[in-house]
There are 2 protein chains.
Amino acid sequence: MTGLPSDNHLPDNQVAAARARLAACFDVWSAGDFDLSLCPVRGVLDHLGDKWTTLIVIVLALRPHRFSEIRRAIPDISKRMLTQTLRDLERDGLIARRVFPTKPPSVEYSLTALGQSLLEPLTALVTWAEASRPAIEAARTAFETAEAAVP
Amino acid sequence: MTGLPSDNHLPDNQVAAARARLAACFDVWSAGDFDLSLCPVRGVLDHLGDKWTTLIVIVLALRPHRFSEIRRAIPDISKRMLTQTLRDLERDGLIARRVFPTKPPSVEYSLTALGQSLLEPLTALVTWAEASRPAIEAARTAFETAEAAVP
DNA sequence: AGACCTGGTCTATATATGAGACCTTGAGAG
DNA sequence: CTCTCAAGGTCTCATATATAGACCAGGTCT
């Protein structure tokens with residue numbers, strides 16, 4: 001059984017290490033009756049997939065922003081989603097909310113230390129996404145061509 | 001204006017580097033009329049937030065799996081979502097689908113080289129999530145306590 | 001007074017997900 | 001020969017969640 005696709009590419013040390021790490025995590029997660037809500041990644045990655053979360057974290061990584069500044073930085077986010085996403089991030093301790101008693105009151109959002117610690121793995125993912133975009137787009141084109149050929 | 005929360009924690013070199021990198025990305029993305037669909041990260045991270053995608057990638061990172069093997073590994077996924085998520089991943093070139101002409105036919109899914117290259121940043125994120133879980137849970141508890149105090 | 005900022009909420013719809021019936025092909029039970 | 005089952009799906013319908021868009025409260029400015 002040497003024909004497995006995964007054998008076609010010798011995984012380098014980092015891939016092997018990643019695999020081992022993920023295997024360990026998976027063992028732990030699936031041990032306890034497999035309650036997926038216990039999976040620590042899910043509780044966090046769910047938010048990262050929330051369409052705006054990543055973008056807001058990136059914006060706040062540049063510098064602290066006020067509510068309306070974020071809206072200007074991300075024009076097509078609705079107020080509702082901005083409020084909700086900020087609330088979620090604040091709830092998780094990733095961002096801090098400071099109210100200034102001006103008239104009208106202004107509110108400044110900024111990354112906490114915990115939020116800043118997310119920048120490293122997030123940047124790794126962003127870098128990967130950028131580097132992989134050509135390959136992914138090529139794969140999509142190929143996939144659509146193939147599926148159009150089999151009507 | 002030294003009271004910004006972000007000044008409270010001196011970002012180490014890696015955080016600063018991450019910030020600079022994200023700033024560069026953001027500049028590029030927001031340059032072109034801010035069509036978010038152009039943002040390369042979105043097209044990829046959307047999928048990673050898809051609730052099952054990450055888990056399936058992790059399962060396939062361990063070794064190639066057949067359709068039903070994945071179902072057994074992730075008991076509470078429905079066939080519908082498994083099919084759809086696998087299709088999306090295949091479409092993006094992250095996994096390969098191989099049909100064996102047995103009776104009944106069996107189908108094996110495995111990570112491609114591109115999919116394996118995702119393991120590194122994904123593991124970084126998983127590691128971060130595990131390390132940060134206590135802090136996040138503490139923040140959630142504190143947040144709920146605070147909001148319960150202001151009815 | 002009337003237009004217009006701030007941050008934020010309420011309602012209505014789009015999208016994602018879940019539950020489960022159905023399909024095709026062949027093997028084995030009766 | 002018919003019945004049932006299994007793999008690997010697809011299809012339809014119901015619901016859960018995500019998102020958009022109108023609206024609100026209070027203040028400032030003209």
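Taken together, the values in this text are just the output of simple stated rules run on the coordinates, not laboratory data. Please read all numbers here as calculations on a predicted model, not as lab measurements. Cβ atoms come from the backbone with ideal geometry, glycine included; neighbour counts cover every protein chain shown.
For the range A:56-151, the Cβ-based charge dipole about the Cα centre amounts to some 720 debye (Lys, Arg positive; Asp, Glu negative; other atoms uncharged). Applying the Karplus relation 6.51 cos²θ - 1.76 cosθ + 1.60 with θ = phi - 60° to the range A:123-138 yields 3J(HN,Hα) values of 5, 4, 5, 4, 4, 4, 4, 5, 5, 8, 4, x, 5, 5, 5, 4 Hz, where x marks Gly and Pro. Normalised by the number of residues in the range B:70-151, the mean separation of alpha-carbon contacts (under 8 Å, six or more apart) gives a relative contact order of 15 percent.
Taking the label point 7 Å along Cα→Cβ, B:Ala16 and its counterparts in the other copies are spaced 3.6 nm apart, in ascending order.
Cα centroid separation, the range A:40-90 to the range B:109-151: 15 Å.
In chain B, the beta carbon lying closest to the axis that superposes B onto A belongs to the residue given here with its whole-angstrom distance, B:Gly49, 0.
In terms of its alpha-carbon gyration tensor, the range B:69-109 comes out oblate; a/c meets the 1.5 threshold, while b/c is at least as large as a/b.
Taking the range B:48-71 and a reference point 7 angstrom along Cα→Cβ of B:Gln84, the backbone N atoms nearer than 12 Å belong to B:50-53. A label point on B:Ala138, set 7 Å along the Cα-to-Cβ line, lies at 4.7 nm from each of its counterparts in the other copies, closest listed first. Prolate is the label for the range B:47-151, because a/c, from the alpha-carbon gyration tensor with a ≥ b ≥ c as root eigenvalues, is 1.5 or above and a/b exceeds b/c.
Relative to the other identical copies, A:Arg97 shows label-point distances of 4.4 nm, where the label point lies 7 Å from Cα along the Cβ direction and values run shortest first. In summary, the lysines within cross-link reach of B:Lys51, defined as a Cα separation below 30 angstrom excluding same-chain residues under 8 places away, comprise A:Lys51, A:Lys79, B:Lys79.
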